[in-house]
Structures are given as C-alpha cells and as structure tokens.
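See structure below.
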Amino acid sequence: MAFETVGVVGLGTMGAGIAEVFARAGLRVIGVEADAEALARGRGHVERSTARAADRGKLTAGQRAEILGRITLTTSREDLREVDLVIEAIPEVLDHKVSLFQDLDRICKPETVLATNTSSLPVTAVAAATGRPGRVIGMHFFNPAPVMRLVEVVSTVVTAPGVTAEISELAGRLGKTAVSVGDRAGFVVNRLLLPYLNHAAVLLELGIATRDGIDDAMRLGVGLPMGPFALLDLIGLDTAYEVMEVLFDETRDRRHAPSPLLRELVTAGLLGRKSGHGFYGPQEPPKEPEKSTVITFAIDGPDVHGLGERLRAAGFRPSDDPDTVLHCTDRPVIEHAVRLSDPARLVGLHVVGDKVAELAGTALTSPRAAKAARDLMRVAGLTPVSCKDRAGFVTDALLFPYLNDAVRMYDSGYASMADIDAAMRLGCGYPAGPFEMLGYLGLAKVRDGLRALYAEYREPAFAPAPLLDQLVTAGVSEFPRS
Ligand code: 3HC
C-alpha cells in the first residue's frame, strides 16, 4: 500500500513529533486535536521544533515552510476519511483508545491502517474492538520523535499478513529502523527502560546517592545520553507512571510498581519538561564548587585504577596518617573499614568508565574523609559520585538488573539479541545494546554482581537469569551469536 496521507490524532509532545516526522518525509499530515486550544499547543510544538532545526542550519527557511505546509490541523476526526494511515497518540487510557478506534473504523476507508503509538497498552484490545482487526497495529515512536531512530512495530495475533512489513517499510521511509515485536506490555524498550528508571527513583529515595550523583554516574560513567532523572523529565513523569502501572498490572513484578517518589511528584503536578518542573526545576541554581583543603591519602589494597600514580603526578603523597584511605573495589567496604585502626577514614572507590569515581561512604566514614576523597578524585580528573556503601553502589545497581532483564527477555523468545540491542541503541541512544554491554563487561562479572545485589536487597528479579548463570557455569564469556 502506498502511504501518502497520514492522520495523527493527539498532538501532545509525541503526536506533534510524529506529525513532524511524517511531514519531513514528504507525506501529507492531518493532525487532529480535541479543541482549538490543544490544536494551538500542537502547532506550537511543531513550529518550535522546526524553528530550532532551522536555527541550527539543519533546515532552510524554505524547507521548514514546506514541512509546515504539509501539516493541516483540525478538530474534526471526520477529516480523516481519505487518509491511508492514522496514528493515535492520545493519553494512555484504554477506554479512550478503544472508543477512538471504533470511531476511526467508522470514519476511515476500509483499507486505512489504524496504528496506535501506545507505550504499553494492549494493541490486541484496541484491534479487537474494531471491524478491521487485521489492519490495526502498534507503531511506537520514541521521544523526541524527530530524533530517535527506532520504531517498534507491534503486531498482534490477528494482524493481517503483509501489514507489519508495509508499516516497517514505511518506518524506513521516515528514516527510522523498525523492530518488529509481539504485543506484550512495554514491548522491548519500555520493558527494559522503565524498571531501570523506577529503580533510580528508589535509590534516590533510599538516599543511596543524590539526583545529580545518579545522573552523573549513568551519563558520564556508563555513557548514556542522559541520566535517569533527566530522562524521566523528558519522557514526562505522568507518562512513565502510566507505563509502569500497565507493566505492573501485567507482571506483578514489584520493581514495575511506580516508586512512591514518582507518585508524589505526579500528584503534585511536577511532570517534567512538559510542566516546566519535574526532578529538575526550571531554574537550577549553579552548583557551588566545593573548596579544596590540603589532603593526604593512602590506598588500602590493590590500586586497580592506577590512582596512586595519578595523584602522585599531581603532587599528592601517600601518607601514614592520611585524611582518607581509599579502597578500590566494586563491593561494599565496611568489612575493610572495621579492620583499620581508624575506620572513619575509609572510603570505597569504584571507577566507572574513565570519568566517574563512585565513592562509597560507610556508616562510620567521617565527613572529612568523604570530602577529602571527593577532592582527590577531582584532582585525578574524575567526577566524584558519593554514595552509600551498598551492593552495586549506583551504576552496577542500575545497570546489572537491566542487563538481566534483557537476558530474560531474549531467553523467553520475545525478541532476538540483535533486535534488543538495536532497540536500546536507536530508541534510547545507548552507546551499546545490553548484549554488547554484557560482551565487554564479561558475563561472570555481571552474574556475580547480580548475586551480590540479590544477597543485599533480596529482590527476586535481581537473581541472575538462569541462562546467564548457565553460560558462566559453562565457562562461556560472551553470549553466543547465531
Ligand atoms: N525535538 C526535536 N529535536 C530535538 C529535540 C526535541 N525535543 N531535542 C533535541 N533535538 C535535536 C536537536 O535539534 C539536535 O539536532 P541536530 O543534531 O540535527 O542539530 C539533536 O537532537 C541533539 O540535540 P542537542 O545537541 O540539543 O542535545 P543532546 O545531544 O543532548 O541530545 C537527546 C538530546 C537527543 C534528547 C539525547 O539526550 C538523547 O538521545 N536522550 C535519550 C532520549 C531517550 O532515551 N528517548 C527515549 C525515551 S523512552 C520513550 O520515548 C518511550 C515512551 O513510550 C515512554
């Protein structure tokens, strides 16, 4: 089928972005909103986004005018009679979606494909409510839609042969990569991403580290484009909350139950960028640099990161009476601390990537030693992230369960390793997919890290996936690719 004219229903952040994507690819777009006010907001989204591209020299004024000229806005669904495809991007309320699809089924010509951009609701339930279940499909875009290169194409058991391929081909015309998936809550990306974001909120509530510390650790240490709180603000805390509710309803996995902190922020109307305030406020005061004092240090145990050398090169000398004793490790350090004559001086040190130093303070670490450790890390050219002395500190506690979930997803037969990797790279801008990350981290390291997390938090889902455990037991260091 030749898709030339497309309807987009709902012009919030996602719908407006989707309309822009189609118009940029040369298709005509009819955007529908409930009332004139919502329509004006939708128009504003597209105008700002294309203006930004023009300012950056990515679009000429003429190209921008052409894109805007391809988009017609209306408050009447009846205007969608002749379109080839409709994408729905209204809020995640199943009853509203079902009633919209019944309406679209009545209005649109019989061959029109009706697609939902739902993040997690069952596409099958929407399809079954229409008289054309074979031509109803999921087409899941990622925020910001004009930038993220993935579309999850969600087929159901009643999708007509050929429709998935047609929609995947269309995604290609839009400059996106399609990953074809079945109808399970969260599909690939949200099923892996949302528990990680939720867990970050749990760590924040537990006081394991600060908002900025957690964001720095994941962005600078792991190399993700954004930390979890900046990303939650981008997605919208209400959207993230809704997706988690749906995930929890399907899985009853308590890691999918939205964290109390998220509920509180959503209830307070702090929804992230869309409301101007979420985890981050509109105008954050600039961070005051901490004042450095004269510092002496010692390294307890093997210096796996060569920090002693770096610090010596910067003019610092190891001392017998140090302000701070650094213990290089990826495990809690309290056992080491209590063996010292002065446990208050011990700080656990875990270097993540080449930019971040996680600094684990025990229940006995003194504020002076903790500060000295932070100062030393800055001297060594690393961003310090202070955290509590808990299994996995920040990065492993967030990364390893996500990798474990990916292994479980693959092992369940839901998606291939290549599709899971591509989905996370293209949908979330990750530098590598989970199986690629498992490859360079090493399976045994991740399995052992998960065991430590499980032992500490007693969270069933932190127990290593049986497939991961078996591969390590069999002495395999990487996931076998077929
Ligand atoms: N709309 C349009 N374009 C945008 C944009 C927006 N909201 N935000 C950024 N851009 C464009 C910029 O214009 C720029 O384009 P250019 O390279 O052609 O000049 C490009 O994106 C890079 O932008 P910046 O340089 O301003 O900023 P960054 O380099 O920091 O990138 C980012 C911003 C693309 C948002 C990047 O941080 C990123 O990839 N973040 C991860 C986003 C992510 O994970 N999305 C998926 C969320 S999950 C989801 O949506 C599913 C849902 O169901 C919940």
Unmet criterion (only one of (1) within 12 Å of the ligand (Cβ to nearest atom); (2) surrounded by fewer than 24 Cβ atoms within 10 Å (Cβ to Cβ)) for GLU250: (1)
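Mind telling me which of the residues VAL294, VAL266 ends up being of a type in the set (A, V, I, L, M) and more than 30 Å from GLY44 (Cβ to Cβ)?
Step by step, each of VAL294, VAL266 is checked, and only VAL294 is of a type in the set (A, V, I, L, M) and more than 30 Å from GLY44 (Cβ to Cβ).
Sort out for me the strands (runs of 3 or more DSSP E) sitting completely within region 1-86 that have 3 or more residues that are over 28 Å from the mean Cα position of the chain (by Cα), more than 13 Å from the ligand (Cβ to nearest atom) and among the hydrophobic types (A, V, I, L, M, F, W, C). If you could, list the steps in order and put the result at the bottom.
On the way: elements: 5-9, 28-32, 71-74.
By residue number, 28-32.
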Criterion: more than 16 Å from the ligand (Cβ to nearest atom), in a strand (DSSP E or B) and either not assigned by TED's automatic domain parsing to the domain that holds GLU242 or not polar (S, T, N, Q) (or both) - qualifying residue of LEU114, LEU104: LEU114
Unmet criterion (only one of (1) more than 11 Å from the ligand (Cβ to nearest atom); (2) farther than 20 Å from ASN404 by Cα; (3) not hydroxyl-bearing (Ser, Thr, Tyr)) for VAL202: (2)
Single match in ARG77, ARG52, ARG48, ARG43 (criterion: in the same structural domain as ARG106 (by TED's automatic domain parsing), within 25 Å of VAL163 (Cβ to Cβ) and surrounded by fewer than 21 Cβ atoms within 10 Å (Cβ to Cβ)): ARG77
Residue list for region 119-140, filter: surrounded by fewer than 20 Cβ atoms within 10 Å (Cβ to Cβ) and of a type in the set (Val, Ile, Thr): THR124, THR130
From ALA165, ALA201, ALA160, residue being without any contact (Cβ under 8 Å) to a residue 12 or more places away in the chain, of a type in the set (A, V, I, L, M) and either surrounded by 23 or more Cβ atoms within 10 Å (Cβ to Cβ) or under 30 Å from ARG28 (Cα atoms) (or both): ALA165
Residue match in region 393-414 (condition: over 30 Å from SER119 (Cβ atoms) and not aromatic (Phe, Trp, Tyr)): no
Search result, residues across region 168-177 that are away from the ligand (no atom under 16 Å from the Cβ) and either among the aliphatic types (A, V, I, L, M) or buried (at least 23 other Cβ atoms within 10 Å of the Cβ) (or both): LEU170
Scan of region 178-191 for residues that are in contact with a Gly (Cβ under 8 Å, 6 or more places away or on another chain), within 11 Å of the ligand (Cβ to nearest atom) and not in a loop (DSSP other than H, G, I, E, B), ordered by number: VAL189
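The values are calculated or read from the model by the stated rules, or taken from the named source; none is laboratory data. Bear in mind the structure is a predicted one, so any value in this text is a computation, not a measurement. So basically every Cβ, Gly included, is an ideal-geometry build from the backbone, and we count neighbours across all protein chains shown.
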